[in-house]
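Everything below concerns the one structure shown next.
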Amino acid sequence: MIKKIIEPSLTKFIFLGMGIGLIIGWLFPDFGISLKPLSAIFIRLIKSIIAPLIFSTLVVGIAGHSNLKAVGRMGLKSLIYFEIVTTIALFIGLFAVNLIQPGVGVDLKSAEDISSIVAKERSFSDVLIHTVPSSIFQAFSEGEVLQIVIFTVIFAAALSFVNQEKKDILLKACDALAETMFKFTSIVMKFAPIGVGAAIAVTVGSKGMSVLVNLGLLVLTLYLALTIFLIFVLFPVALIFKIPIKKFLRAIKEPALIAFSTTSSEAALPKAMLAMESIGVPRQIVAFVMPTGYSFNLDGTTLYLSLASVFVAQAAGVHLTLGQQLFMVLTLMLTSKGVAGVPRASLVILAGTLVSFGLPIEGVAVIMGIDEIMDMARTTVNVIGNCLASCVVARWEGEFIDTPELSN
């Protein structure tokens, strides 16, 4: 633990880059603005990750869990629970960001840019037609996230009906592609301190120090929204399904701490699975629900994505109607599947959503300076949510083993 604190890390370098960028933008605003190409290069690298990462992770997440048919009732109950809870999380994020409005006043776009975005508004039928790609290669090249998702969902469903030998070949290829894109993301993140520092220098140089107030307000908004989600959604769910609260809290303490400190759900997965078995969830349910939940039940991440995307719209001075925000929720609900366990993967999903809605992707670079602080909280909620999901499904199936309370 001491070694982890002392060792240089990407997070520390990102904070350092943000601090240097802040000082440059404050003391040398003209020079800070001139660093925009560095920020633009970083943003273009992030954009290049979006399509292959979404395609590969969704194919593996959907077709790789084709055993949902085999487990039948448990799989259906799991998916129903996952979608209800993550939808509530998205709406809490939307409510919080619209109530507090942390992005108002940042001004990421000029008036001319805003008018061009507003001009892109289309009718509902146009939007509906636009969700279906006429060419998947065009969707990939233009970063049309929802088109990529629609194609990938149908592709994964079709792959589920292919004979096992051929299916395994494609699944292994997609799994390898996903793994490669995660490594690609890691390489791009090495440039993050420079990209983030340049983005902050440009933003502070052109907008002044007031932008820091907005970023601090964004962090507070997220933590408030996640607290509301834990108290008013997950806690009542635990009561409704008669989950032993004290035992559950003791069991998740260590996995939650691992998730908070590493910002990786996967790092906490082994301990979380053992912890749920120890309080009475049968192994076969833990083994199915928790890995599936890491693709379909990202409560903290989905809440964050809805909040962050509207924050960028507010920062750009773009008013999104309720209908547009609901459509954004649908997009995020689909694109957030399969990103658990990889630090910063949610930023790639956020970038794709911003592109789809004509919002400035520069918002990602600005948010990234404080993303570590937000990532710790949302990853912790992801782990807690998946632990609770395994308990809920076990109780729903009538297989939760009520063990007596053990004294510490």
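Distances between placed amide hydrogens fall under 5 Å for Val281 paired with Ile401, all partners being 5 or more residues away or on another chain.
Simple spin-label estimate for Leu16 and Phe235 gives 4.1 nm between the two label positions (7 Å along the Cα-to-Cβ direction from each Cα). Annotation note: chymotrypsin sites (Phe, Trp or Tyr not before Pro) in the stretch 139-206 located in DSSP loop regions with a Cβ neighbour count of at most 16 within 10 Å are Phe161, Phe191. Dipole magnitude for the stretch 174-282: about 360 debye, using +1 per Lys or Arg Cβ and -1 per Asp or Glu Cβ, origin at the Cα centre.
Given the peptides 385-391, 234-240, arrange them by the average over their residues of other C-beta atoms within 10 Å, most packed first.
Top of the packing list down: 385-391, 234-240.
A simple spin-label model places pseudo-atoms 7 Å from Cα toward Cβ; at Glu399 and Leu330 they are separated by 3.5 nm. At full extension, Leu27 and Lys166 could sit 44.0 nm farther apart than now, given 0.36 nm per residue minus the alpha carbon distance. When you count the other C-beta atoms within 10 angstrom of each residue and take the mean per peptide, 73-84, 360-371 line up highest first as 360-371, 73-84.
Remark: spin-label model distance Ala287-Leu79 equals 2.2 nm, labels positioned 7 Å along the Cα→Cβ axis.
Computed from the coordinates by the stated procedures, all read-outs in this text should not be read as laboratory data. This structure is a prediction, so every number in the text was calculated from the model and none was measured. Positions of Cβ are backbone-derived with ideal geometry, glycine not excepted, and every protein chain shown enters the neighbour counts.
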